[in-house]
Amino acid sequence: MFILGSQSPRRKLLMEKDITPHFAVLIADIDEGLSYKYKPLKAVKDIAYRKGQKIRSEADDPGDVIITADTIVVLKKQIIGKPKDAEDAKAILRKLSGKTHIVYTAYFISYKGKEIINYDESYVKFNKLSEEVIEKYVESGKPLDKAGAYGLQDNNDYEIVQSVRGSIKNVIGFPTEKIIKDLKKIGAMN
């Protein structure tokens, strides 16, 4: 059985669409802040790994395919996580406005004693955001549960992102193109 260790609705959707419609969801409740002492790429990999280890310890069957992931936004080597509240979301959006940042998604796969920890990176250029756009977007509540206080999927309603270099699915938080290659590599998928 496939197990997705994430409560993200966007990851669930991509898992169902790209990998398998049949999977269980388990939540890996870990303190992500413990990993922020590392540089950004190591931090995001550490979070994905620790989530995976937690789920692996709770899963009954070593034949289960466990996938966990974590996504961070990085601007000038600084990790920008999920906003604490609406005011923090506005401050983050102002900080990213008109600039290019990196989105890292690290993922962990475990299957029959084999483990892979890997990542993808994309470069996202923001439009110059007006205060009106920032206010309306934050009032919608959409940016409050997302790293970097935005979701690429919200771009149709709020023109936030100007361009993406790299995987769009990575920016959404689940780079299924690379995940599928790694699932095949360890024999968890044909």
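Observations on the model:
- Dipole moment magnitude, nearest 20 debye, the stretch 1-46 about Cα centre, only Lys, Arg, Asp, Glu C-beta charged: 220
- Among Asp157, Asp120, Asp29: highest mean-square fluctuation, GNM of the chain, C-alpha pairs under 10 Å: Asp157
- Rounded to the nearest 20, the Cβ-based charge dipole of the stretch 1-100 about its Cα centre (Lys and Arg +1, Asp and Glu -1) stands at 860 debye.
- Protein-only accessible surface at a 1.4 angstrom probe places the residues His22, His101 in the order His22, His101, largest first.
- Karplus-derived 3J(HN,Hα), 6.51/-1.76/1.60, for each residue of the stretch 50-59, Hz, glycine and proline x: 5, 4, x, 5, 5, 5, 4, 5, 9, 6
- Helix 176-185 and the longest principal axis of the C-alpha atoms of the chain enclose an angle of approximately 20°.
- Placing pseudo-labels 7 Å out from each Cα toward the beta carbon at Tyr123 and Leu144 gives an inter-label distance of 3.4 nm.
- Across the chain, the volume of the C-alpha convex hull divided among the residues equals 109 Å³ per residue.
- Ellipticity estimate at 222 nm from DSSP helix runs (n ≥ 4, -39,500 (n - 2.57)) divided over the chain, nearest 500: -9500 deg cm²/dmol
- Here the label points at Glu16 and Arg94, each 7 Å from Cα along the C-beta direction, are separated by 3.8 nm in the simple model.
- Most mobile listed residue (Asp64, Asp88, Asp31) in the chain, GNM with C-alpha springs under 10 Å: Asp31
- Rounded, prolate or oblate (a/c below 1.5 giving rounded, otherwise prolate when a/b exceeds b/c) for the stretch 114-164 by Cα gyration tensor: prolate
- Size of charge dipole - the chain - debye, nearest 20, with Cβ of Lys, Arg +1 and Asp, Glu -1, no other charges: 820
- In plain terms, the chain from Asp61 to Gln153 could stretch by 29.6 nm, reckoned as 0.36 nm per residue minus the Cα-Cα distance.
- Stretchable slack from Ser163 to Val25, in nm (0.36 nm times residue separation minus alpha-carbon distance): 46.5 nm
- Once both labels are positioned 7 Å from their Cα atoms along Cα-to-Cβ, the gap between Asp85 and Lys112 label points is 5.2 nm.
- Listed values for the stretch 121-129 are Karplus-derived 3J(HN,Hα) couplings in whole Hz (6.51 cos²θ - 1.76 cosθ + 1.60, θ = phi - 60°), namely 9, 9, 10, 10, 9, 7, 5, 6, 8, and x replaces Gly and Pro.
- Hz values of 3J(HN,Hα) by residue in the stretch 148-163 - Karplus curve (6.51, -1.76, 1.60), Gly and Pro given as x: x, 6, 7, x, 4, 5, 8, 5, 5, 8, 9, 6, 9, 8, 7, 7
- FRET efficiency, Glu132 to Asn190 (Cβ-Cβ, R0 35 Å, nearest 0.05): 0.10
- Cross-link table Lys99/Lys169; Lys82/Lys178; Lys84/Lys178; Lys37/Lys169; Lys99/Lys181, entries beyond 29 Å C-alpha to C-alpha: Lys84/Lys178; Lys99/Lys181
- Between the alpha-carbon centres of the stretch 121-190 and the stretch 28-102 there is a gap of 14 Å.
- Among 142-152, 176-186, sorting by the average number of other beta carbon atoms lying within 10 angstrom of each residue, highest first, gives 142-152, 176-186.
- The chain: most fluctuating residue of Ser97, Ser130, Ser140 per GNM, C-alpha cutoff 10 Å: Ser140
The values are calculated or read from the model by the stated rules, or taken from the named source; none is laboratory data. Note that the coordinates shown come from a computational prediction; the quantities given were computed from them, not determined experimentally. Counting neighbours? That spans all protein chains shown, and the Cβs are built from the backbone with ideal geometry, glycine included. Accessible surface areas use protein heavy atoms only, side chains included; no ligands, DNA or RNA. Shrake-Rupley method; radii C 1.70, N 1.55, O 1.52, S 1.80 Å.
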